[in-house]
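Here the structure is laid out as structure tokens; the discussion comes afterwards.
Please treat every number below as a calculation from the coordinates, not as lab data. What you are looking at is a predicted structure, and each value in this text was computed from that prediction instead of being measured. Backbone-built Cβ (ideal geometry, glycine too); neighbour counts: all protein chains shown.
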Amino acid sequence: MKVLVVGSGGREHALCWALDRSPSVNDVVVVPGNDGMEVSARVIGGAGDERGVRIVAEAEQPDLIVIGPEAPLVAGWADALRRDGFKVLGPGAAAARLEGSKAFAKEFMRRHGVPTADFATFDDLDAAIRHLEKVGAPIVVKDSGLAAGKGVTVADTLDEARTAVEAIFQEPDAQVVLEERLSGPEISVILLVDASGYAALPPSRDHKRAYDGGRGPNTGGMGAVAPIPMTAEESEALERQVVEPVMRGLRAEGIPYSGILYVGVMRTSQGFKVLEFNCRFGDPEAQVLLPLLATDAGELFQAVAEDRLTEVPVRLRHGAAACVVMAAPGYPESPMMGVPVVLPRTLPEGTLLFSAGLSGKPYVSKGGRVVNAVGLGATVAEAVRRAYTLVDAVKFEGALVRRDIGAGL
């Protein structure tokens with residue numbers, strides 16, 4: 001079958017790579033893509049806006065469309081493409097509100113008994129500031145809308161929290177969520193979901209802060225590892241306390257879901273608590289999970305699009321994967337464009353390279369996160385070591401790279 005992938009980042013390259021090696025798929029097209037994806041797909045280019053995607057879909061007539069990023073899903077592209085007769089992996093706008101509005105997601109969790117941090121939501125700056133002054137710091141400040149994974153401030157002081165709130169209210173129709181600060185290790189729970197049921201991929205962990213030791217500003221993600229260690233008892237508790245209430249909530253509210261559901265969880269001293277939902281694969285979690293998938297990705301994704309997930313067993317490869325992001329100098333505040341990037345002619349053993357923002361020939365940086373170096377191994381430690389071997393083989397002057405991905409696992 002022919003599959004059209006929508007998006008241009010490292011997550012979408014990982015999707016193209018997985019589909020390209022699937023026996024059920026004979027043609028992978030990506031729009032807009034980036035120049036580094038040409039090893040895995042036909043790159044269409046262009047603006048990648050809704051009109052452009054619709055034109056490509058009409059011309060290519062794919063058997064399946066996979067929408068990678070969150071903004072098109074929140075905007076309802078999946079709904080429109082389904083109305084035009086295409087099969088789509090990706091939830092409609094009603095379900096994508098779980099990511100598009102953190103306020104909606106928090107209220108959804110409250111209604112359905114999904115454990116989460118205490119919170120309050122405000123669409124008025126003065127009311128938000130009064131609440132801050134009442135509860136004090138530390139506190140977490142979240143832009144309720146989409147913010148490319150960077151709309152969260154973990155504020156240690158009241159001044160820091162106030163600055164974050166005021167910045168959010170610079171935008172029209174702003175809404176802010178102020179919530180209790182939790183502590184503990186984070187877990188990325190990524191589910192395939194359709195009307196027939198759900199299936200969980202291995203638990204993974206993203207590293208969101210820009211610098212080693214979990215310091216610096218939040219980013220879209222600087223690296224990931226999978227699987228992270230969990231006992232059978234912990235896995236059962238996570239499913240019972242978090243996943244099942246979410247599924248019951250979607251059914252109770254009549255919200256159809258056909259795609260990927262990402263549940264960001266923190267393991268606290270009071271048990272598992274949900275931090276956020278995403279309506280698509282995490283980035284860079286996709287880059288470590290898709291290489292561990294033994295099931296034909298095309299067959300699996302098509303089954304979800306047709307509400308037949310329970311007919312296709314999700315099989316996984318033994319071992320582990322680690323992804324290290326190489327970001328442009330100045331990321332995340334002001335990444336430099338046009339920095340030369342030279343890739344190794346031959347990849348080191350046990351590694352994969354996904355392009356997140358490469359342009360031209362020879363390559364230069366185009367975007368914040370530019371290259372994803374992925375290592376595969378029998379253990380997380382081996383996978384991490386191989387990922388950094390690839391990082392060191394890439395010539396990218398001034399690249400921002402965390403050197404502690406997977407530390408402590």
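Brief remarks follow.
- Within straight-line reach of Lys361, meaning a Cα separation under 12 Å, sit the following aspartates and glutamates at least 8 residues removed in sequence or on another chain: Asp35, Glu38.
- Semi-axes of the equivalent ellipsoid of segment 2-92 are 18, 14, 12 Å, computed as sqrt(5λ) over the eigenvalues of the C-alpha gyration tensor in descending order.
- Measuring nothing but how far apart in sequence close Cα pairs (under 8 Å, 6+ apart) lie, relative to its length, the chain scores a relative contact order of 17 percent.
- Mean Kyte hydropathy of -0.5 or more with a Cα span along the axis of at least 24 Å, helices from DSSP in the chain: none
- Whole-number Å³ per residue for the convex hull built on Cα positions in segment 143-284: 133 Å³
- Directionally averaged shadow of segment 300-409, computed from the convex hull of its alpha-carbon atoms, nm²: 9.2 nm²
- In this Cβ point-charge picture (+1 for Lys and Arg, -1 for Asp and Glu), the chain has a dipole of about 620 debye about its Cα centre.
- Convex hull of segment 118-179 built on C-alpha atoms - directionally averaged projected area, nm²: 3.7 nm²
- For segment 118-179, the relative contact order comes to 48 percent (Cα pairs under 8 Å, sequence separation of at least 6).
- Largest mean-square fluctuation among Arg205, Arg110, Arg51, in a Gaussian network model of the chain whose springs join Cα atoms under 10 Å apart, belongs to Arg51.
- Segment 249-275 and segment 362-409: distance between their alpha carbon centers, rounded to Å: 30 Å
- Descending Cα extents along the principal axes, segment 78-213, whole Å: 51, 35, 32
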